[in-house]
Amino acid sequence: MPPPARDAGSDRRSQSKARPADRPLDRPHVAVVGSGRATATERLLAEQVGRALAESGAVVVCGGLGGVMEAACRGAKAGGGLTVGILPGSDRADANDHVDVAVPTGLGEARNALVVRAADALVAVGGEFGTLSEIALALQAGIPVVGLGTWELARRGTPDDSVTRLDDPADAAHLALGLAQARPRHRGARR
């Protein structure tokens, strides 16, 4: 008599248990956000952050275009990392040359919410109003934010220290990674 048939669901479950332990899904995802029209200093900081994150095993998430986003991806690739660019437009070809996985959204600036929600922590480098929106969305979602030369927040005139401000890109990457790993529900982490 032949063995009993297994349902497709049980095959998928057993396959998922056999996955390698070092899948990108299981690594911390850290968003690096900032202006597409960044200064040379901001680009240098972003590149150093991206490299330090990648060398520590994080997946670098960004908006996928130029400026801070491109610099962070360039650094991450130099550090042997994986980069994800969540694009405002509908064409993958718009991604900078250092993006490994380009996700076209067609959402314009509303894609900022997706950049934030794809991350376990966020590093803001400099930035314009789009960066400010990403900082606010992250804080609202309980995602920790580390800042390098970025927005200073205040509530009714009183300084708000919700963003941990640092000056050193390696320190910023290290702190963001630690905060990402400490989150109660580090998405993707096996329990």
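The values are calculated or read from the model by the stated rules, or taken from the named source; none is laboratory data. Computed from a prediction, not measured in an experiment: that's the story for all the values here. In this analysis, Cβ positions are derived from the backbone assuming ideal geometry, glycine residues included, and neighbour counts consider all displayed protein chains.
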Inset, instruction - Looking at (1) within 20 Å of Val59 (Cβ to Cβ); (2) of a type in the set (Gly, Ala, Ser); (3) out of contact with any helix residue (DSSP H, G or I) (no Cβ under 6 Å at 6 or more places or on another chain), find the lone condition where Ala173 falls short. - result: (3)
Legend entry - Selected residue (criterion: nearest to Ala93 (Cα to Cα)) from residues of the range 51-74 that are within 10 Å of the chain's Cα centre (by Cα) and assigned to a loop (DSSP other than H, G, I, E, B): Gly63
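Being in contact with a Cys (Cβ under 9 Å, 6 or more places away or on another chain), crowded, with 24+ Cβ neighbours inside 10 Å and at pLDDT 95 or above, is that true of even one residue in the range 52-59?
No, the conditions are met nowhere in the range 52-59.
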Inset, instruction - Could you please tell me which pairs satisfy a Cβ distance under 8 Å, a separation of 6+ or placement on different chains, a first residue in the range 170-191 that is at pLDDT below 95, and a second residue that is exposed (fewer than 14 other Cβ atoms within 10 Å of the Cβ) and assigned to a helix (DSSP H, G or I)? - result: Gly188/Leu25
Legend entry - First in the range 113-137 and surrounded by fewer than 18 Cβ atoms within 10 Å (Cβ to Cβ), second anywhere and assigned to a loop (DSSP other than H, G, I, E, B) and of a type outside the set (Asp, Glu), Cβ under 7 Å, 6 or more apart: Glu128/Ser35; Leu132/Trp151
Inset, instruction - Taking only the range 36-50 into account, find how many residues are surrounded by fewer than 24 Cβ atoms within 10 Å (Cβ to Cβ) and in a helix (DSSP H, G or I). - result: 6
